[in-house]
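Below is one structure, written out as structure tokens, with a few remarks after it.
The values are calculated or read from the model by the stated rules, or taken from the named source; none is laboratory data. Worth saying up front: this structure is predicted, and the values here are computed from it rather than measured. Cβ coordinates were reconstructed from backbone atoms using ideal geometry, including for glycine residues, and neighbour counts include every protein chain displayed. Protein only, heavy atoms only, side chains kept; ligands, DNA and RNA dropped before computing areas. Shrake-Rupley method; radii C 1.70, N 1.55, O 1.52, S 1.80 Å.
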Amino acid sequence: MPLLTVDELTVTFGGRGRKDVRAVNGVSFTVDQGQVVGLVGESGCGKSVTSLALMGLLPAKGVTLGGRADFDGTDLLTLSPRRMRDMRGRDLAMIFQDPLSSLNPVVPVGVQVTEILQRHRGLKGEAARKEAAHLLDRVGIPDPNRRLKEFPHQLSGGMRQRALIAMAVACAPRLLIADEPTTALDVTIQAQILELLKELVDQEGTALLMITHDLGVVAGLCDQVNVLYAGKVVESAARRELFAHPTHPYTHGLLGSIPRLDAPRGEPLHPIRGSINDQIAWADGCAFAPRCDRYEMDCLTGTPALTEPRAAGHQARCVNPVLATTEVPA
Amino acid sequence: MSLLELDGVKVHFPVRKGVLFDRTVGHVYAVDGISLSVEAGQTYGLVGESGCGKTTLGRAVLRLVDVTDGSVVLDGTDVAKLSEKELRSFRRRLQMVFQDPLGSLNPRQNIESILSEGMAAHGIGANQEERREKIKEILAKVGLPTNALSRYPHEFSGGQRQRIGIARALVLEPDVIICDEPVSALDVSIQAQVINLLEELQESMGLTYLVIAHDLAVVRHISDVIGVMYLGSLVEEAPSDALYAEPMHPYTKALMSAVPVPDPEVEERRERILLHGDLPSPANPPAGCRFHTRCPWAQATRCATERPQLTDLGGGHKVACHFAREIADGTIVRAGDEPAASAAPADTAPADTAADAPAEIPAQATGERAETDRAEDAAPAEAKADGAEAPEAKADGAESDGAEADEAEDAAPADTAPAVAEADSAEADVVKADDAPKA
């Protein structure tokens with residue numbers, strides 16, 4: 001029984017007299033206890049909206065949610081705001097992309113960390129302060145007692161992200177959602193933060209939902225990978241299987257577009273043509289078809305189903321999947 | 001003679017304080033003595049993390065910021081010494097492609113107007129008709145439709161906007177194009193399109209690029225020569241393949257090991273060199289080697305006192321490290337590793353190892369203060385820590401064979417701020433460190 005089962009999640013933004021925009025269009029995936037699951041995709045694929053929907057952080061007005069998100073028996077999508085507040089921070093926690101704008105600039109770090117301890121663990125005064133210092137120490141912030149009194153702008157980018165992680169793990173949540181946790185950081189700091197996340201998952205058995213656009217980060221961290229395109233999962237597989245045999249032409253194209261530090265130089269990259277604006281509605285066929293090199297007429301007859309064309313447990317949503325291992329993206 | 005030559009370029013920004021009396025209280029050493037040369041038809045890649053001065057250097061080449069010292073010579077003319085008037089017409093030969101494709105295009109100008117403005121200013125094309133023909137030709141080269149002429153920047157996608165930025169540079173037929181993070185604002189699939197475009201244009205038009213980026217994989221892909229910057233200076237410069245095959249400078253090694261590779265097999269095999277702490281502030285750079293406060297290979301001698309120069313170790317592979325050869329041979333090992341048989345004694349522990357040991361509280365506090373940019377503070381407090389925990393270490397130090405005490409003693413005189421050197425209590429250091437961010 002997985003810890004989190006997301007089933008056909010849809011998020012539609014509407015109102016204000018505009019045409020409805022369906023940012024998430026039937027996303028399904030599961031996260032097991034202690035598992036690291038990746039949601040990968042480019043901007044506009046719906047990965048961040050998925051995470052906000054799970055955390056109940058989307059505005060109530062103008063947003064229509066569909067499907068189910070079953071977290072240990074409770075549907076996160078239909079929870080009352082009050083129940084959600086109880087769970088958020090205690091059972092589910094989130095780490096955001098930009099550590100500076102996610103912290104309150106006029107409140108010392110210590111107050112922000114102890115707030116969550118007071119709310120969920122009932123700690124007060126000195127006990128809360130001690131626990132906060134312990135948490136900062138745990139995530140590798142030196143001199144935690146001094147840092148508690150400082151304001152976010154006095155911390156470096158890496159340290160701010162560590163402070164956010166400390167707040168996220170304060171109540172030992174069962175599920176941690178990290179939305180592009182290292183995108184705003186330099187590579188050497190990124191390596192530090194990824195190491196810390198790995199350590200937390202290993203030691204605490206926390207499940208981690210990692211949302212990122214960086215396939216390199218996924219390759220080093222995730223057990224299971226879901227690739228999103230235009231609000232739908234187009235490929236889902238275990239990490240090694242996905243990187244060894246990318247089956248959906250989009251995944252295949254993404255891997256061909258990334259310059260690799262360890263690949264021989266001088267080989268041209270194989271970009272995917274067009275941009276995410278060139279897409280058709282899933283109802284009419286495959287949204288990726290206009291950019292796809294393997295496009296054929298069958299691609300335009302309704303939403304392709306998720307099948308397992310290659311191996312059990314390796315799902316791809318494609319009529320004409322890439323099956324030969326030697327095939328070079330054109 | 002190279003097309004573009006930089007010699008000892010320095011860009012220092014004064015830090016001012018006070019309302020009535022505008023005093024200069026210090027300088028930010030954004031670029032501190034960089035020499036490099038870019039050959040015609042080649043791509044020079046400049047990599048480094050945020051705050052290392054790479055963007056400032058790019059702006060200094062165009063003289064968008066004034067050069068404090070040194071020369072920027074393009075084809076025999078020193079850009080740094082041109083008068084304002086001469087500079088304006090000279091800038092045609094140096095063009096820039098900016099990072100943010102939307103922010104660098106005027107939203108109220110259509111594409112024709114954006115592209116022809118520079119041409120008119122530099123007197124390219126007799127009339128608008130001629131300019132339009134030329135623009136159409138360039139638009140075709142960068143892969144934009146002709147009907148783009150009458151459209152506005154918001155009507156384009158991110159990748160297309162970057163193509164417009166490239167076209168704007170190309171219409172002036174510059175000698176050197178400086179690309180400042182040309183693809184970092186774009187999605188991966190679009191990144192590859194723009195990278196390929198830059199390469200195709202170079203091949204067909206013989207362009208010369210100075211590419212500034214933080215992404216090592218991107219830079220390696222497009223560059224012939226790569227320079228690695230750390231805190232305002234070059235720490236390593238080598239032909240692209242040589243740099244990847246054998247990074248010699250400890251910082252380059254760490255940087256390369258931190259770049260994630262989209263391949264689980266590689267990810268599991270490779271060894272990560274984790275650096276502790278953050279980049280020190282360029283307003284108060286460490287004495288000696290700029291990297292010694294975070295270097296896992298830092299030695300007790302020279303590193304903290306003497307600034308290494310960029311030296312050619314053969315094949316155009318230049319490194320600014322006193323011990324590059326020894327590190328490559330394996331006679332100097334990384335802190336925490338087992339030393340090789342004949343190597344230095346095990347207690348040659350640089351500041352980093354001290355910071356790892358939770359038992360040594362004072363030492364820990366110091367090692368990490370590197371994060372608040374006050375790396376130098378480490379010296380006095382460390383000396384104190386040594387004294388407190390092992391009096392005999394002091395005695396050893398006097399006999400010059402206790403390496404740790406040695407290091408502390410070496411580091412102390414190098415201290416830039418005398419006040420700190422005098423402060424021998426940990427508390428005084430803390431006060432100092434608290435002040436640092438406000439300064």
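A few comments on the model shown:
- Among helices (runs of 4 or more DSSP H) entirely within the stretch B:201-312, having at least 2 residues that are touching a Pro at 6+ places or on another chain (Cβ under 9 Å) and touching a residue at least 24 places away in the same chain (Cβ under 8 Å) singles out B:216-222, B:250-258.
- With respect to (1) closer than 27 Å to B:A185 by Cα; (2) at pLDDT below 90, the lone exception for A:V139 is condition (1).
- Looking across the stretch A:55-66, the residues that are hydrophobic (A, V, I, L, M, F, W, C) and either modelled with pLDDT of 95 or more or open to solvent by 40 Å² or more (accessible area, probe 1.4 Å) (or both) come down to A:L57, A:A60, A:L65.
- Filter result (open to solvent by 30 Å² or more (accessible area, probe 1.4 Å) and in contact (Cβ under 8 Å) with a residue 12 or more places away in the chain) within the stretch A:245-271: A:H245, A:L255, A:I258, A:H270, A:P271
- Condition check for A:I276: within 14 Å of chain B (Cβ to nearest Cβ), assigned to a loop (DSSP other than H, G, I, E, B) and open to solvent by 10 Å² or more (accessible area, probe 1.4 Å): yes
- In the stretch A:132-169, of all residues being of a type in the set (S, T, N, Q) and out of contact with any Asp or Glu (no Cβ under 7 Å at 6 or more places or on another chain), the one that is farthest from A:I95 (Cα to Cα) corresponds to A:N145.
- Looking only at residues of the stretch B:247-275 that are more than 8 Å from every other protein chain (Cβ to nearest Cβ) and either hydroxyl-bearing (S, T, Y) or closer than 21 Å to B:S233 by Cβ (or both), we find that the one that is most open to solvent (accessible area, probe 1.4 Å) is B:K253.
A quick yes/no check of all residues on (1) facing chain B (nearest Cβ under 10 Å); (2) in contact with a His (Cβ under 6 Å, 6 or more places away or on another chain); (3) over 22 Å from A:V217 (Cα atoms):
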| position | (1), (2), (3) |
| --- | --- |
| A:L155 | yes, no, yes |
| A:I165 | no, no, no |
| A:V169 | no, no, no |
| A:D179 | no, no, no |
| A:T182 | yes, no, no |
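- Total residues in the stretch B:2-59 satisfying the condition of being of a type in the set (D, E, K, R), part of a loop (DSSP other than H, G, I, E, B) and exposed (fewer than 14 other Cβ atoms within 10 Å of the Cβ): the figure is 1.
- Note on the stretch A:22-46: among residues that are in a strand (DSSP E or B), more than 14 Å from every other protein chain (Cβ to nearest Cβ) and among the small types (G, A, S), the one that is surrounded by the most Cβ atoms within 10 Å (Cβ to Cβ) is A:A23.
- When B:R108, B:R92 are screened for being closer than 30 Å to B:R151 by Cα and either in a helix (DSSP H, G or I) or acidic (D, E) (or both), only B:R92 passes.
- Selection status of B:A80, modelled with pLDDT under 90, of a type in the set (G, A, S), under 25 Å from the mean Cα position of the chain (by Cα) and part of a helix (DSSP H, G or I): yes
- Total residues in the stretch B:213-240, condition open to solvent by less than 10 Å² (accessible area, probe 1.4 Å) and within 23 Å of B:K141 (Cβ to Cβ): 3
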